Amino acid sequence: MPTKAKTKPSSEPDPSALARELSEALFRERCIPRFVDSYVVEHGRHSLQVHAVLYRDLLNLLQREALLTISARALALVTHGSFGSESQKSKSMTRKEAAAFRQKFLSSLTRHQRWNVGEALEFQSDLQMYEELVARTGVPRKPRKSFEPANHPFVDRCAFVLDSSFLEKARVAASRALTDLESLAAQVVAAARQP
């Protein structure tokens, strides 16, 4: 009697579902509008909200940066393996598996965001830059204090776009937003791994 090979259920999330969930969670949690609004109130920078069109453009730019950040974080958690609780440990993917996952993730994100080819290629290029910069800086040896800005492309780019005249204050605020975004990405990946 032939023995059947036991199939182990994959703990890796579906790339299409992960792309959709990340995008929807970012919108649902209102991370960027809360970040900008709290920055305006905390530092009295009400001029950032005076013109509705400019404010909407600011939110759209920062929303894209946030999507880059959570996408990079989620891809790192899935492809390099994450180590949370005992039940959520996962091993690192092979280079071939990671490339296939990334390709499916990005094409699904492109469909979900309704980007044209140029927008999709620009996002992929920026995502690759984010991943390379984060990989180059590595994991910090000690946790940063609440008043220290993180060494991350999101922090620098958002601070410049948000309020270049008060760059250091904007960098500290963007660091707090980065912590929220990375936490959101980890929650979405953990939820996507659930059977």
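Values in this text are rule-based calculations from the coordinates and carry no lab data. Predicted model, so just to flag it, every value in this text is computed and none were measured. No Cβ is skipped: glycine too gets one built from the backbone with ideal geometry, and neighbour counts run over all protein chains shown.
Listing L121, L178, L58 from fewest to most neighbouring C-beta atoms within 10 Å gives L121, L58, L178.
As a rough footprinting exposure proxy, the listed residues K91, K96, K169 were ranked by other beta carbons within 10 Å of their own, and the order from fewest upward is K96, K91, K169. As a proxy for reagent exposure, V53, V36, V172 were ordered by neighbouring Cβ count within 10 angstrom, fewest first; the result is V53, V172, V36. On the beta carbon distance between R95 and E29, with R0 = 35 Å, the FRET formula returns roughly 0.60.
Please give the length that would be gained between S125 and L48 if that part of the chain were fully extended, namely 0.36 nm times their separation in residues minus their C-alpha to C-alpha distance (nm, one decimal).
Details: separation 77, 0.36 × 77 = 27.72 nm, distance 2.86 nm.
My answer for the length gained is 24.9 nm.
Neighbours of L58, meaning other residues whose beta-carbon lies under 12 angstrom from its beta-carbon, give a summed charge of -1 when Lys and Arg score +1 and Asp and Glu score -1.
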